[in-house]
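Everything on this sheet refers to the single structure shown next.
The values are calculated or read from the model by the stated rules, or taken from the named source; none is laboratory data. Every value quoted in this text rests on a predicted model; they were computed, and no experiment measured them. SASA here: full protein model, heavy atoms, side chains in, ligands and nucleic acids out. Shrake-Rupley method; radii C 1.70, N 1.55, O 1.52, S 1.80 Å.
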Amino acid sequence: MEYVFGEYILDVTRGELQGPDGLVPLEPRAFTLLAHMLEQSGRLVDKDELIAAVWADGSSRMPRSRPR
């Protein structure tokens, strides 16, 4: 499965993000987060859904948002 956004292609099957200058290195959790957001394109994704989809393994906590 591939997702195209702007000049980027996220290849979920290969686990790669291609940009205009070649491969873009991503940490595994960042890749999973990006893939989930692209899969849900066009709809609002709430915090609980993101935690379940990306941080479901419980290995680390979701980063806290910065105070405004």
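What the table below lists for this structure:
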item	result
Amide H contacts under 5 Å for residue 55, placed H, 5+ residues apart	none
Amide H contacts under 5 Å for residue 8, placed H, 5+ residues apart	none
Ranked order, 26, 34 - accessible area, probe 1.4 Å, largest first	26, 34
Amide proton proximity set for residue 16, modelled H, under 5 Å, gap of 5+	11
